[in-house]
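Just below is one structure, and these are the notes that go with it.
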Amino acid sequence: MLRTAAHALRLGGRLLVVDHGSTAPWSWNQDQDVRYPSPDEVAAGLALDAPTWTIERADTPRRIATGPDGSTAEVTDHVLLIHRTP
């Protein structure tokens, strides 16, 4: 799906992918075997031709999130920004 989205971009366009990098303590799914692919792994899976695409951002920022019961925890997000060069 992400590869299709990337190829649908016009020249000069950007694809922003933001997803989970950790499981919040209040999440219904506490499966310890859940693995969140890193932004670099997602970019590699797109298999985009390097001269045509530039990775502008691939990082894992952390933030304090608030759960439904008001409790807080540090969670990790994944951010990937890819630019289709003109």
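Overview of values
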item: Among the candidates Ala50, Ala24, residue that is closer than 15 Å to Thr85 by Cα and assigned to a loop (DSSP other than H, G, I, E, B); result: Ala50
item: Any hit, segment 45-56, residues being more than 24 Å from Arg10 (Cα to Cα), modelled with pLDDT of 95 or more, charged (D, E, K, R) and out of contact with any Phe, Trp or Tyr (no Cβ under 9 Å at 6 or more places or on another chain); result: no
item: Residues satisfying the stated conditions in segment 6-36, i.e. farther than 21 Å from Ile64 by Cβ and either surrounded by 14 or more Cβ atoms within 10 Å (Cβ to Cβ) or in contact (Cβ under 8 Å) with a residue 24 or more places away in the chain (or both); result: Ala6, Leu9, Arg10, Leu11, Gly12, Gly13, Arg14, Leu15, Leu16, Val17
item: Selection within segment 41-73 - free of Cβ contacts under 8 Å to residues at least 24 places away in the same chain and either on the phi > 0 side of the Ramachandran plot or among the acidic types (Asp, Glu) (or both); result: Glu41, Asp49, Asp59, Gly70
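The values are calculated or read from the model by the stated rules, or taken from the named source; none is laboratory data. On a predicted model such as this, the values are computed, not experimentally measured, just so you know. Please note: Cβ atoms are built from the backbone with ideal geometry, for glycine as well, and neighbour counts cover all protein chains shown.
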